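First up is the structure itself, then whatever we jot down about it.
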Amino acid sequence: MEEVSWRAFPRLDPETPTPPFRLADGLYYVNAMESVASTMETQAIAGRTVANLVARDT
């Protein structure tokens, strides 16, 4: 198997610890997962997580 380095994206090391989804009452951070994995699929999951938090908190 051949590996190709594309240099398309900078190296992104995960933050330790990762930021929380809920920052304060009524304030949410949708991109909390971005430092772990930045893909469209993980951002969709993160958005759903925040939507669930909002629904639970109201």
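The values are calculated or read from the model by the stated rules, or taken from the named source; none is laboratory data. What you are looking at is a predicted structure, and each value in this text was computed from that prediction instead of being measured. Glycine gets a Cβ as well: all are built from the backbone with ideal geometry, and neighbour counts include every protein chain shown. Ligands, DNA and RNA are stripped out before the accessible areas are found, and what is left, the full protein with its side chains, is counted by its heavy atoms. Shrake-Rupley method; radii C 1.70, N 1.55, O 1.52, S 1.80 Å.
Quick look at the numbers
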| read-out | value |
| --- | --- |
| Label assignment, Cα Rg over 2.2 N^0.38 Å derived from the structure, set [x] 1.28; [y] 1.45; [z] 1.34 | [y] |
| Per-residue [θ]222 nm for the chain (sum of -39500 (n - 2.57) over DSSP H runs n ≥ 4, rounded to 500) | -10500 deg cm²/dmol |
| Additional length obtainable on full extension of the chain from Thr18 to Ala37, 0.36 nm per residue less Cα span | 5.7 nm |
| Accessible area in square angstrom per residue, the chain, 1.4 angstrom probe | 89 Å² |
| For the chain, size of Cβ-based charge dipole, Lys and Arg +1, Asp and Glu -1, in debye | 180 debye |
| C-alpha long axis of helix 40-57 to longest principal axis of the chain, angle in ° | 10 degrees |
| Accessible area of the chain belonging to carbon and sulfur atoms, whole % at 1.4 Å probe | 58 percent |
